[in-house]
1. At a 10 Å Cβ-Cβ cut-off, how would you order Cys65, Cys19, fewest neighbours first?
2. Over all Cα pairs of region 18-72, how is the pair count split among 10 Å bins, expressed in % and running from 0 up to the last occupied bin?
3. Which length gain, in nm to one decimal place, applies between Tyr32 and Arg18 when the Cα-Cα distance is subtracted from 0.36 nm times their residue separation?
4. Which far-off residues, 5 or more places away or on another chain, put their amide H under 5 Å from the one on Gln43, with H placed in the peptide plane?
5. Step through the residues of region 40-57 one at a time and calculate ³J(HN,Hα) from phi using the Karplus curve (6.51 cos²θ - 1.76 cosθ + 1.60, θ = phi - 60°), rounding each to whole Hz and writing x for Gly and Pro.
Amino acid sequence: MIVIKLKLSILIFFADSRCLEPIDPGMCMAAYVRHAYNSSSGQCVMFLHGGCQPNGNNFPTAEECREACVEN
């Protein structure tokens, strides 16, 4: 349990704050392929975004997601 807390503290300290936002498909009905950081797995994942009001954890490519969230 201590290790998990330490890992989370390090993540919060070093991560781009966008990466800590939830993966949000949005309310609209389009289906744009986007990428977001999954803080549980520590990886960027593909998801479908509806096209309206994206939050910060919404990247056009996996590479951009990794640059912001994984390769810090």
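No lab work stands behind these numbers, since they all come straight from the coordinates. Remember, predicted model here, so these are calculated numbers, not experimental data. Neighbour counts run over all protein chains shown; Cβ positions are idealised from the backbone, glycine included.
1. Cys19, Cys65
2. Histogramming region 18-72 at 10 Å steps yields 30, 56, 14, 1 percent.
3. Full extension from Tyr32 to Arg18 adds 3.1 nm.
4. Asn38
5. 6, 8, x, 10, 8, 10, 7, 8, 9, 10, x, x, 10, 6, x, 8, x, 8
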